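The values are calculated or read from the model by the stated rules, or taken from the named source; none is laboratory data. The structure presented is a predicted model; accordingly, all values stated were derived computationally and were not measured. Neighbour counts are summed over all protein chains in view; Cβ atoms, including those assigned to glycine, are modelled from backbone coordinates with ideal geometry. These area figures cover heavy atoms from the full protein model, side chains too; ligands, DNA and RNA do not enter into them. Shrake-Rupley method; radii C 1.70, N 1.55, O 1.52, S 1.80 Å.
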Amino acid sequence: MDKTAKVRRQVGLWRSVSAILALLIIGLIIVVVVLSVRESHDSAETCGTSRISQKNGNVIDLSEPDKPGPFHDLTKLEIRNLRAFLEKDPNIRVQPSASVKINMSMLYTMDLFPAPKADVLNYLDKEGPQPNRQARVMVYRGDLDPPYVYEYACGPLPEVRECKPIMSDKRRNPVEFSLRPVSAIEYAAVFDVVLREVDDKIGYILQESFGTSYHTCAPRECFSIYPSPMGTNVVDDITKRRLWVWAEYPVEYYVLHPVDFGVLAVLDGSDPSKFRADKVWYHGTLYNSLDDLILAYNSSGPEQKSRIKKHEYSKDVFSTLNLRGDPQPEHPQRPPTLVEPDGKRYSLKDRQVKYLGWSFNFRMSALTGPSLYDVRYNNDRIAYELGLAEIVVFYSADNPIQRITDFVDSGAMIGTHSKSLVPGGDCPESATFISQTFAGQSVDDPVEIPRAFCLFENNNGYPLRRHLSYDQYEGAFYGGMLDSVLTLRCALTIVNYDYIVDFILHQNGVVETRVMSTGYILPSFYTSKERPYGFQIEKDLVGPIHHHMFHFKVDLDISGTSNRYETLDIQPETVDMRTIPNRKYHQTKFVRTLKSTEQEALFKYNFDFPKYHVVHNEQVKTNFNEIKAYRIAMHGMSKQLLPEGVDNEAPIAWARHQLVVTKHKDDEQVSSSPYAMWDSKNPVTDFTKFYADNESIVDEDLVFWITSGMHHIPHTEDLPLTPTVGNHLTFFLLPYNYFIECPSVASRDHIRITHKDKKNPKAGVSVDRNGNSKDICTIPKYAEAYDKLLEKDPDIILESTKSRGIL
């Protein structure tokens with residue numbers, strides 16, 4: 001027994017030694033692997049710096065050109081020279097921004113005034129001279145009696161020699177002063193004159209009811225204000241200018257903290273000392289004057305008075321954007337990020353982009369927002385112009401303030417609201433960020449808005465195309481590629497709402513235009529009378545129903561400027577079964593319908609009559625004598641339900657149809673105007689005039705006007721911000737018999753897998769990546785670089801040390 005026990009102890013000892021040695025060996029292997037991986041990682045190049053990234057010669061040049069092309073926005077030099085000219089011109093006499101007042105000649109804005117299309121095409125396609133560059137200038141002539149708004153075409157740039165009034169039978173010029181877009185100077189006058197009158201007369205009512213007021217209050221505790229213009233058709237007088245001014249607590253974010261109070265301001269004429277308060281909304285009642293409210297308040301009991309505890313900021317307030325709830329994931333862990341292992345596959349210079357066969361120019365109009373120009377694929381022009389024309393949002397409510405709140409956003413200069421895109425929040429960290437220059441209102445120098453655009457390539461995470469033939473009988477192969485696209489993006493933050501606008505180029509010749517809504521809803525104070533218009537989503541808060549609408553201009557040039565528009569109307573038919581005698585069979589067919597005139601082409605979507613919309617040149621056919629076309633596919637349509645011509649509907653006549661086709665005219669540049677917020681009595685731009693003459697659209701240069709939209713009934717998940725998910729509105733320009741096959745077959749992104757030997761499948765498979773590298777690279781420290789940039793210049797993202805001088 002002792003000998004057996006000794007043997008067992010020796011065996012156990014050897015087993016223990018063996019286990020320890022095995023663990024040591026495993027540990028050594030792990031150390032070797034870790035060191036090897038670390039060495040490999042340390043030796044890996046930074047993404048985008050390899051020799052591969054330099055072979056295609058892509059460059060990113062963000063500098064302003066000395067000689068800008070026909071599509072380039074106004075440069076800093078041009079803006080400076082033009083302002084100097086306007087101040088010296090004896091007929092215009094624009095005043096310096098530091099001293100300008102409403103009753104003076106004030107520069108509102110300047111924007112590129114596009115050259116005639118024929119002249120630009122002669123320059124681009126026939127080596128003709130570049131057309132002179134001009135600027136569209138809006139000047140508030142408050143110094144005149146009566147005052148007017150004048151628009152001028154000024155040029156040639158950069159050495160301006162003259163400014164002439166813009167004349168057209170499509171819109172009047174000058175324009176009534178009452179229709180002028182809002183400005184920072186006017187808002188200051190409202191605050192200093194109208195709201196001071198309110199405080200002087202009923203400040204005690206505001207303090208007793210809400211704990212604060214407009215002027216007699218501690219700094220940062222006074223009411224914030226929100227404006228709602230009243231259209232002139234609503235007040236039934238084109239000379240009257242009326243503005244409802246809401247009251248909200250200054251808590252992040254202020255529009256989600258309204259009280260049941262507002263003032264209707266009278267802003268007639270150009271003398272701000274004559275601005276005054278008119279009607280008043282208080283505690284669910286409309287009073288005809290401040291005096292009427294004083295009389296009623298002083299003689300009423302507690303039930304006729306508001307008593308709202310002043311809202312205070314805390315990080316847990318529902319309207320803030322602080323982290324709340326149980327953090328997800330439980331411990332910090334970064335989300336996936338975009339990597340460009342071999343560098344950028346696009347070039348950018350002088351606002352022209354080139355990408356995998358695509359090329360286009362882009363700009364940001366101060367008034368209407370982003371646009372693309374001269375969009376080409378493999379040097380074939382697809383679109384001369386593709387851009388945003390207007391954004392509107394119409395509200396409904398019981399209270400008189402929100403009831404008439406119908407925003408037409410070009411009246412607030414859409415483009416100037418594209419500010420400060422954040423890497424990792426708004427765009428991929430590796431994106432190229434592009435600044436934008438505008439003319440300032442309260443400063444004389446040009447104003448540069450950092451990061452107004454971002455440009456990036458990403459894959460959408462799903463295949464552009466793919467097929468797997470698994471069985472040998474079917475051929476045994478795989479082919480597919482992810483949908484990698486180039487996106488040009490801007491985010492238009494127009495007070496509370498943020499609109500994300502994307503232009504997306506796919507490798508199969510498709511152009512996608514997408515708009516997404518996010519930001520804060522515009523709620524009002526909850527009462528039971530608001531129930532038909534919205535749900536109560538927080539204490540004293542109702543989210544009212546509203547309608548977002550977007551208008552786009554699409555000037556297509558398919559195989560030239562001589563184009564036709566036709567629909568492929570999908571229809572049911574009943575036919576003989578053939579295989580079974582005397583039996584009928586039901587199927588669909590399509591019928592080609594050529595649209596001959598502008599009014600014949602007016603389109604309102606109807607589910608009962610599905611159709612394709614195609615555009616082509618009759619003289620250019622496929623190899624099989626079929627149409628060589630592009631198709632317009634609209635995936636964001638909604639019906640505008642308001643009756644035509646009433647209230648504030650007339651300025652948005654373009655929303656009556658989902659698609660309108662017109663013959664191109666240089667004086668029909670845009671479907672709306674910056675006066676449309678106010679001009680419902682007599683719209684400055686009446687879009688119906690674009691097609692009222694009912695011209696032929698057969699073999700003509702055609703423009704397609706596309707309306708997208710959605711109704712929004714807010715809910716609690718819209719707090720604090722409305723998510724973009726489910727709020728995507730898109731339309732596509734799709735090649736339709738345009739190429740002999742899908743052009744993405746030329747993409748190196750394609751992966752093909754086949755057997756090494758078709759006769760001997762057991763030999764395995766080969767993967768063809770078309771020469772693309774499989775090497776790894778290290779990701780640049782984008783987040784760290786951005787944080788350091790903000791430390792140096794915080795005004796890039798938040799107004800901190802200076803005012804940009806733009807409303």
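Rg over Rh for region 338-479 works out to 1.13, both radii taken from alpha-carbon positions and Rh defined as the Kirkwood radius.
With Rh defined as the Kirkwood radius, the inverse of the mean 1/r over Cα pairs, the Rg/Rh of region 277-324 is 1.22. Listed by chain and number, the aspartates and glutamates placed with their C-alpha closer than 13 angstrom to that of K55 are D342; residues fewer than eight positions away on the same chain are left out. With a simple spin-label model that places each label point 7 Å from the Cα along the Cα-to-Cβ direction, the separation between S803 and N582 comes to 8.9 nm.
Putting +1 on Lys and Arg Cβ atoms and -1 on Asp and Glu Cβ atoms, find which of C742, F704, N682 reaches farthest to the positive end of the dipole of region 667-751. Farthest towards the positive end: C742. With both labels modelled 7 Å from their Cα along Cα-to-Cβ, the E791 to T724 distance reads 2.9 nm.
Mind ordering 725-732, 347-354 by average Cβ neighbours within 10 Å, highest first?
So the order, starting with the most tightly packed, is 347-354, 725-732.
Using R0 = 51 Å, the C-beta based FRET efficiency linking F609 and T216 works out to 0.25. Is the shape of region 514-644 rounded, prolate or oblate, going by the alpha carbon gyration tensor and its root eigenvalues a ≥ b ≥ c, with a/c under 1.5 for rounded and a/b larger than b/c for prolate? Oblate, since a/c reaches 1.5 and b/c is not below a/b. For R752 and T527, the FRET efficiency from 1/(1 + (r/R0)^6), where r spans their Cβ atoms and R0 equals 51 Å, is about 0.20.
For the residue pairs K553/K628; K88/K665; K88/K689; K344/K628; K553/K681; K553/K611, alpha carbon separations beyond 29 Å are given by K88/K665; K88/K689; K344/K628.
Applying the criteria of a DSSP loop state and at most 14 other Cβ atoms within 10 Å to the GluC sites (Glu not before Pro) of region 629-679 yields E644.
Contour minus end-to-end for N770 and E303, with contour as 0.36 nm per residue of separation and end-to-end as the Cα-Cα distance?
160.3 nm
Listed by chain and number, the lysines whose C-alpha is less than 25 Å from the C-alpha of K310, apart from same-chain residues fewer than 8 away, are K201, K279, K529, K539. Solvent-accessible area assigned to carbon and sulfur over region 469-601 amounts to 51 percent, based on a 1.4 Å probe.
Taking the C-alpha atoms only, the angle from helix 782-792 to the longest principal axis of the chain is near 30 degrees. Cα convex hull, region 463-502: 63 Å³ per residue, rounded to a whole number. Look at (1) 51, 39, 30; (2) 41, 34, 26; (3) 68, 33, 28: the one that is semi-axes √(5λ) of the Cα gyration tensor in Å derived from this structure is (1). Each Lys and Arg adds +1 at its Cβ and each Asp and Glu adds -1 at its Cβ; summed about the Cα centre, the chain shows a dipole of about 3100 debye.
Could you check how many percent of all C-alpha pairs in region 123-251 are farther apart than 21 Å?
Cα-Cα pairs in region 123-251 separated by more than 21 Å: 61 percent.
Once the Kirkwood radius over Cα pairs is known for region 270-396, the Stokes-Einstein relation at 20 °C and 1.002 mPa s delivers a diffusion coefficient of 94 µm²/s. Left without a cysteine partner by the 4.7 Å Cβ rule in the chain: C490, C742.
Between helix 2-43 and the chain there is an angle of about 50 degrees, using the helix long axis and the longest principal axis of the Cα atoms. Here is the list for region 77-132: GluC sites (Glu not before Pro) lying in DSSP coil, each with at most 14 other C-beta atoms within 10 angstrom of its C-beta, are E127. In a fully extended conformation the segment linking L286 and D471 would gain 59.0 nm over its present Cα-Cα distance, using 0.36 nm per residue. Accessible surface of region 691-807, 1.4 Å probe: 53 percent of it comes from carbon and sulfur atoms.
Among T487, S359, Q587, whose Cα projects farthest towards the positive end of the dipole of the chain, with charges put on the beta-carbon of Lys, Arg (+1) and Asp, Glu (-1)? In the chain, that residue is Q587. For region 169-204, the residues whose backbone nitrogen is under 19 Å from a point 7 Å from the Cα of A692, taken along Cα to Cβ, are 169-176.
Within the assembled protein chains, the solvent-accessible surface assigned to V698 is about 40 Å², based on a 1.4 Å probe. Under the simplified labelling scheme, the R196-D278 pair shows an inter-label distance of 2.2 nm, with each label point 7 Å from Cα along Cα→Cβ. Between A188 and I779, the FRET efficiency estimated from the beta carbon spacing at R0 = 45 angstrom works out to 0.45. Sparsely packed loop sites in region 182-241 (the trypsin sites (Lys or Arg not before Pro) outside DSSP H, G, I, E and B with at most 11 other Cβ atoms within 10 Å) comprise R220. Note on R583: accessible area approximately 130 square angstrom, rounded to 10, probe 1.4 Å, nucleic acids and ligands left out. Taking every protein chain into account, the accessible area of the chain amounts to 48 square angstrom per residue (probe 1.4 Å). Pull out a ≥ b ≥ c, the square roots of the eigenvalues of the alpha-carbon gyration tensor of region 692-807, then state rounded if a/c is under 1.5, prolate if not and a/b is larger than b/c, and oblate in the remaining case. It is oblate, given that a/c is not under 1.5 and a/b is not larger than b/c. In this view, the solvent-accessible surface of M710, computed with a 1.4 Å probe and all protein chains in place, comes to about 20 Å². Note on K756: aspartates and glutamates with a C-alpha under 16 Å away, same-chain residues under 8 apart excluded, are D471, D768. For region 311-413, the dipole from Cβ point charges (+1 on Lys and Arg, -1 on Asp and Glu) about the Cα centre works out to 540 debye, to the nearest 20.
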